[in-house]
Amino acid sequence: MNEITITNAQYYLGYQSTENEGIIATIDGVEMSVPIAEGNRHYDEIMRQVEAGTLTIQEAE
Amino acid sequence: MSTLKVNTIQDTTGNDALTIDSSGNVTASQGFVPSTQLSHRNLVINGAMQVAQRGTATSNGYTLDRWAFNSTGMDDFAFSITQNTSSGLSEFPNSLKFTTTTAESAVDANDRAYFDYRIEGQNLQNLGYGTSDAKTMTLSFWVKSSVTGTYASFIYQDDASPARSYLANWTIDTANTWEKKTITIAGDSGGNINNDNGPAFYLRWFLFAGSDWSGSSTPLHTWGSTVGRTEAPNQTAQVPLTNNSTWELTGVQLEVGSVATPFEHRSYGEELARCQRYYYKPGGDIETWRNWANSHGIGYIWFPVQMRIAPSVSNTANSYNVTSKTTHVFGYASTLTSGQAFGITADAEL
């Protein structure tokens, strides 16, 4: 239902953890930390665009 | 039609039940049992446009709290969306105001622009949708525009499969004049609404619609599958087609029943708290961050109300890794050598 522009997506790790905590991405021009949580509209849209092949999420550093 | 002139109605045992004084004030002496709820009727949060945590918007996305603007297919136009705090309506001093700052040059078939209001499914369970007891609703709102003509509104019901919609037309009859519109919506026995925190209703007001969206073949005032349906049938008013054109909305109420009751006003504090379930912007910079072990900036922010879902978080420092929960956010940055104050926003909108 929405048009959301997402670029520069990259996983980041949790505090003192080796597990991915979330995705940092530029969303409609604003850098945001997006939790890995279905139902979060940004996370759902990131996954939709990944599924569609229009967005790639970089691995965490 | 007939008229009954009395000042007292008694029960069968002779006790006063209703008394009417000379000014027409009615007193129920033995209790009053309404068939619809007296408070918390309005399913819309921030319908009076009191809360605007984000400020002015000039791009697609959320604008005043709970209200989103979206446009697709359009290639020329620019706009601003503001909270007008001097609407001219005595009951509603605040309104959501759209202004075209650069006009769209033409109406292409795939163009559209609209405002959305979204409602969680768990807050619509009393409607009984998807059952034979589905209840009638009434949507009422005040609207004003410099562009007269026919407008389209629709409700998109996202939980049904396929999704369902209800469409209606209304008109702006006089330019730059507030008008109250009322739409009564029959219950939908064909579309169940999930009892969860996901979006179930999208209430949509169109400002612009090309022929892909405005086709007139879709039936009005009836629920049905969105398959083969347009979204903005018969829309002729094209607000962004004129430079400096305006469109304003306030006093939005969606309630159970077939009558538009007086708008249910709520205090700013109550309305703000409701909005903060979906979006939170502290009034100032966060001061809780501190240096830790000489290598980390670290801290917590507790939200004033539990958010709908773990929110997306922006921060003005752009250097923190964030753990986001519905109750709080925790952040750290390994590169800082001293504490730092900065602003955040937390977004759990539908």
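Of the peptides B:77-83, B:48-54, the ranking by mean beta-carbon count within 10 Å, highest at the top, reads B:48-54, B:77-83. So, counting K/R as plus one and D/E as minus one, what does the shell of residues with Cβ under 13 Å around B:MET137 add up to? Here the count lands on 0.
Just so you know, the Rg over Rh for the protein assembly as shown is 1.03, from Cα atoms, with Rh as the Kirkwood radius.
Per residue of B:302-315, other chain Cβ atoms within 10 Å of the residue Cβ number 4 on average.
Think of chain B as a dipole: +1 on every Lys or Arg Cβ, -1 on every Asp or Glu Cβ, centred on the Cα centre; then among B:PHE79, B:ALA28, B:THR345, B:THR345 lies furthest on the positive end. Note on B:ASP173 and B:SER86: their simple-model spin labels are 2.9 nm apart, each label 7 Å out from Cα toward Cβ. All distinct Cα pairs of chain A go into the 1/r average, and the inverse of that average, the Kirkwood radius, is 11.7 Å.
Once the Cα-Cα distance is subtracted from the 0.36 nm per residue extended length, the B:LYS180 to B:THR27 segment shows a gain of 52.1 nm. For chain B, the dipole from Cβ point charges (+1 on Lys and Arg, -1 on Asp and Glu) about the Cα centre works out to 400 debye, to the nearest 20. Distance between the pseudo-spin-label points of B:SER161 and A:THR5 (7 Å out from Cα toward the beta carbon): 3.4 nm.
Dividing the convex hull volume of the alpha-carbon atoms in region B:138-241 by its residue count gives 106 Å³ per residue.
In a reduced charge model with +1 at each Lys and Arg Cβ and -1 at each Asp and Glu Cβ, chain A shows a dipole moment near 60 debye about its Cα centre.
The residue list B:PHE303, B:THR236, B:TYR332 was ranked by how far each Cα lies along the charge dipole of chain B toward its positive end, using unit charges on Cβ atoms, and B:TYR332 comes out on top.
If you build a Gaussian network model of chain B, linking Cα atoms that sit under 10 Å apart, which residue out of B:TRP142, B:TRP213, B:TRP302 swings the most? Of B:TRP142, B:TRP213, B:TRP302, the most mobile in the Gaussian network model is B:TRP302.
Over 18 Å apart at the Cα level, from the set B:LYS144/B:LYS281; B:LYS135/B:LYS181; B:LYS97/B:LYS180, are B:LYS144/B:LYS281; B:LYS135/B:LYS181. The dipole here belongs to region B:1-159: it is taken about the Cα centre, uses +1 on the Cβ of Lys and Arg and -1 on the Cβ of Asp and Glu, and is about 340 debye. Inter-chain Cβ neighbour count for A:27-39, averaged per residue, equals 6 (cutoff 10 Å, partner chain atoms only).
The numbers here are math on the coordinates, done by the rules we state, and not lab data. Since the model is a prediction, treat every value here as computed from it, not as a measurement. We place every Cβ from the backbone using ideal geometry, glycine too, and count neighbours over all the protein chains shown.
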